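Let me begin by presenting the structure, written as structure tokens, before commenting on it.
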Amino acid sequence: MEYTFIWWDQIVISRRNGERLVQTCREMKVLMRRRFVPNHYYRDLYLKLQGLNQGYKTVDEYHKKIEIAMIRANVVEDREATMARFLNGLNLDIANVVELQHYVELEDMVHMAMKAERQLRKGHARPAFDSGSSSSWKPNLKREGTVHPRSFVPSRTKPPKAN
């Protein structure tokens, strides 16, 4: 912190000797960022934002991490892009419930994810479209021949040789 004060005093002295004085906070921020924020700072923030996922965090903690990362990186994106980013980073069991619904606002999506999380903690998770019947619903993906895109793992086998 002491270095910053010394640096600022030097700026003020040099500005008195020819350059115009700093007039606004915005000008001061530009000077300070140029001096103290490394060039790779924003790139690192974008990479961190891209790699965010829920992991062991609660839905609320994960949502706050995304918001903080977006604010720090100064990311302004389309509402749909933010919702897709949030959904993509959710734990799979929660995302599976949330993606079955239609959302207009991120806050609604976060609320549904928190409800799904609570249900999963209780061990009574039901699909959002379940009418309340006691039978459990679970798709037989192998029998139906479909694979959920999040569970797809590409084959590691070699392609057949051409004759």
Original post:
Taking the stated definitions as given, is A81 small (G, A, S), surrounded by 15 or more Cβ atoms within 10 Å (Cβ to Cβ) and either closer than 30 Å to M114 by Cα or not assigned by TED's automatic domain parsing to the domain that holds I94 (or both)?
Top reply: no
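Specify which of the listed residues (Y42, Y3, Y62) is touching a residue at least 24 places away in the same chain (Cβ under 8 Å) and out of contact with any helix residue (DSSP H, G or I) (no Cβ under 7 Å at 6 or more places or on another chain). It would help to see each step written out before you state the result.
Numbers: Y3 fails: touching a residue at least 24 places away in the same chain (Cβ under 8 Å); Y62 fails: out of contact with any helix residue (DSSP H, G or I) (no Cβ under 7 Å at 6 or more places or on another chain).
The match here is Y42.
Considering region 52-108 alone, what residues qualify as being of a type in the set (V, I, T), under 15 Å from L120 (Cα atoms) and more than 13 Å from the chain's Cα centre (by Cα)? Full working, then the answer.
In the first step, residues of region 52-108 are kept if they are of a type in the set (V, I, T); the result is 58-59, 66, 68, 71, 75-76, 82, 94, 97-98, 104.
The next check asks that each one be under 15 Å from L120 (Cα atoms); those that pass are 58-59, 94, 97-98.
Selection gives T58, I94, V97, V98.
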**OP:** Considering (1) within 30 Å of Q10 (Cβ to Cβ); (2) modelled with pLDDT of 90 or more; (3) among the acidic types (D, E), say which one D78 fails and leave the rest.
**Re:** (1)
Original post:
Within the set of pairs 6 or more residues apart or between chains, which connect a residue that is of a type outside the set (D, E) inside region 14-26 to a residue that is in a helix (DSSP H, G or I) with Cβ atoms less than 8 Å apart?
Top reply: L21/V12; L21/R15; V22/I11; V22/V12; V22/R15; V22/M28; V22/L31
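Give the residues of region 67-124 that are among the aliphatic types (A, V, I, L, M) and within 30 Å of N39 (Cα to Cα), sorted by residue number.
Step one: of region 67-124, the residues among the aliphatic types (A, V, I, L, M) are 68-71, 73, 75-76, 81, 83-84, 87, 90, 92, 94-95, 97-98, 100, 104, 106, 109-110, 112-114, 116, 120.
Matches in region 67-124: I68, A69, M70, I71, A73, V75, V76, A81, M83, A84.
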Original post:
Which members of region 2-44 meet the condition of being within 29 Å of the chain's Cα centre (by Cα) and either exposed (fewer than 10 other Cβ atoms within 10 Å of the Cβ) or at pLDDT below 75 (or both)?
Top reply: R26, R34, P38, N39, H40
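The values are calculated or read from the model by the stated rules, or taken from the named source; none is laboratory data. What you are looking at is a predicted structure, and each value in this text was computed from that prediction instead of being measured. FYI the Cβ positions are ideal-geometry reconstructions off the backbone, even for glycines, and counts take in every protein chain you see.
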